[in-house]
Structure formats: C-alpha cells, structure tokens
Amino acid sequence: MASAIQSTIHELSQMARKAKVFASMPWIEGLTPVMMGDAERTTTYATDEIVERREGIFNLDEIGLSPLDHGGLYGDGCFEGILIAHGRVWLFKEHLERWYRSAEMTHIDFPYAIEDIAWRTLETIRRVGIADDEQGYLRPVLTRGLGNLGINPGKCIAPTIYVVASTIALYPPEKYETGIELSVARQTRRPDPEFVDPNIKSLNYLNNIFSLIETRDAGRLETLMLTHKGYVAEASADNIFTIYRKEGWENDPSKVEIRTPLGDYCLRGITRNTIIDLAKAEGYDVREDAHLIPLDFTGPEKECFMTGTGAGLMPVTAVECNQVGDGRPGPVTKNLLEKLRANQRSTESGLPVNATFEEVKRYLGK
Ligand code: PMP
C-alpha cells in the first residue's frame, strides 16, 4: 500500500512539472484566493458580471479552489476531458460545445465567449510545451463558484473556471495489444436521465466512483454500469461497444453487427460518436440499442471495446468470467483502433496548438 502511494506521488510530481492551469474567478478581497489579486500575474476579463473577473496562468501549486466554491463543496459544476495529439487539440470544437451544453443544462451562465476560452486554453498548452510527438490532456472545469456554505445556487457569486493542461496515461500501452477485462457493478447503477442526465458531464461522479470501488477487489481496471432496469449503460468513464461477426462477415462488412447502448442512458462520448461514424464508413451495421445485457458482450464470434478521450479505443477480452471471442482483441476491433489513430493524426480533426486567434475564430465558425 505504502509503495503504491509512493509511486502515485512520484507520478503526480512528474505530471505537475509539466502542467499549467488557467484560472478565472471573480475578484473579491478576503474571499478569492489571493493569487488572483496579484496584478502582475493576472488580468481582468471584461464581462457583464457585477464583480471584476480576473484570470491568469499558474503552476499547479500556485492556485486552488476557494473552500467556499460549490464545485468542491457540492460537485456543482461540469467539466471536459480533451486530448492533445500530433500538435493539435483533437475535436476541440466538439468538446467545447459539449462543455457549453453541460453548463446550460446545469443552469450556469458561461462567462466567456467560446473563442476566448479556446484561445486561453491554447495559450496554456503552449506554456506547458507539449511536443508534436507527445500526448497531452486538458481538463476544463466550470463550477457555480464561491457561495455560502448552504447549497442554494442563488448565493453563489459568479462561476469559477479552470483548465488544467497536462498529460494523462490511463492505460499502459501494451493493454491496447492484449485488451482488458471488465467487471459488472452490481450495487451501483447509472442514473436515468430523470436524475442527473448522463449527458451532463457534471462534476458529480460519485456513482461512477462507487462502481469502481465495488469491483476493486477483482483487480479489474474498469467496470460496466447498468441502468436501473439492468441494461448496460456504459463503463465508469468510457462508452462500450459489442461486435457480433455473422457468417460471411470476412467478405461482407454489413454482416458485422456493432451495438452500443442508447445515448439517453450514457454520456454520448465524442470518441463514441467518432467510432460510430468510422464504423459506418467501413460498411458495418452499427446501431444504438437500449436493451443490451452483459451477456451480449461475450461469447464466440464476439468482440468488445470501450471508447473515451483518455482511453482511446481499448479492447475488452472478458466481462467478469465470460470470455469475449477467443480472449484476444479481434480483427474488427483492431481495424477500428487503426482507423481511430488515423483520425487523430489527420489535420482535419482538430485545431493546431499554435493556431492564431483568427484561426481559432474561423475554426469555431465565429
Ligand atoms: N462515459 C463517461 C461516464 C465518461 O466520463 C466519458 C469520458 N471519459 C465517456 C463516457 C467517454 O466520452 P468521450 O469519448 O467524450 O471522452
């Protein structure tokens, strides 16, 4: 245990050395973290908010959330996770738009024009200095901001924004060759849209975390979460796909049946959407299905994989004790992994980190 913590500390220290955070908060003396009042490190961002908004780029140990911030107190906010690869921010527009949509569904007024927050994000990445052959990761967060100690959103002054630019390595590279095994969470369910809509990428991940804690003893890295009716929704931080290769599939791609849970019951992942498009372009029969059960993901002629921005496309070789196909990543999965990697390399699918402000605006259609 002690050595696991030591190695996590080492990993985080390495990460912190190559990370910056853009922070933006209303400036109220005695309430906002003092760093935000430092005129040499911060500037004012003009908004129609009642209080002055200050912003700056910091090292990770220079700035923190106010103890009164409702993001920390109540998980009251929303976030994104974005990949930087090949010198570009992959599908930046799609992620920014989802962040704004989550903000709207959370009833938080986003204080920045989309091109302004995009520009500041690029500036932050440039300060980190991620080489073209390195992968980076962005964690943009919006909270309802600092308020009193009660939950009343009406007592919050103005939103807090921060964007961490750093690196992430969710899975060791060899796992993309061998695949991983999944558990199934039994106690914890993915809430239906009537609770917190899974399409709000909210700061409240307690349920997802519980699903991992529940299955931790099995030593597996990810777990399937079910809807309250028992159908498969998604993994704790990734979407899930099952493949069934029907007879004759080698010569006829329409005989490759690909199914993923209905988007109402999971986060409509941006990697998920990309994979759906790439799989359709291959001629595979791709559909959403609201009634998938864990056993649909295993057995002969089956393949299975997860998708997510941090994970990319991760092959799955077993669900609990049931093997998927022959227990190794299958040919359709490998083909889609290759197609996804090609998409990430393509200059069409993102914004260069060194784009000018004019290019940012054009890219976002502003
Ligand atoms: N589901 C959940 C619950 C997630 O948190 C994520 C993001 N890690 C995903 C699915 C995958 O979404 P995306 O492809 O947009 O990263």
Among strands (runs of 3 or more DSSP E) lying entirely in region 1-109, which contain 3 or more residues that are within 23 Å of the chain's Cα centre (by Cα)?
-> 20-26, 77-79, 82-85, 88-90
Looking at (1) out of contact with any Gly (no Cβ under 8 Å at 6 or more places or on another chain); (2) open to solvent by 10 Å² or more (accessible area, probe 1.4 Å), which is the one condition that is false for P159?
-> (1)
If you take the residues of region 104-121 that are surrounded by 21 or more Cβ atoms within 10 Å (Cβ to Cβ) and aliphatic (A, V, I, L, M), which of them is nearest to N152 (Cα to Cα)?
-> I108
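Can you work out which of the residues in region 322-354 that are assigned to a helix (DSSP H, G or I) and under 11 Å from G179 (Cβ atoms) is most open to solvent (accessible area, probe 1.4 Å)? Before you say what the answer is, go through the steps one by one.
Filtering region 322-354 for residues assigned to a helix (DSSP H, G or I) gives 331-345.
Of the ones still in play, those that are also under 11 Å from G179 (Cβ atoms) are 333-334, 337.
Working: T333: 3, K334: 121, L337: 20 Å².
Taking the candidates together, the pick is K334.
Looking only at region 104-124, which residues are within 16 Å of the ligand (Cβ to nearest atom) and either of a type outside the set (S, T, Y) or within 16 Å of S349 (Cα to Cα) (or both)? Spell out how you get there, then give the answer.
Filtering region 104-124 down to residues within 16 Å of the ligand (Cβ to nearest atom) leaves 105-106.
Residue satisfying the conditions is M105 alone.
The values are calculated or read from the model by the stated rules, or taken from the named source; none is laboratory data. Computed from a prediction, not measured in an experiment: that's the story for all the values here. All Cβ positions, glycine included, derive from the backbone under ideal geometry; neighbour counts span all protein chains shown. These accessible areas exclude ligands, DNA and RNA; they are computed on the full protein's heavy atoms, side chains included. Shrake-Rupley method; radii C 1.70, N 1.55, O 1.52, S 1.80 Å.
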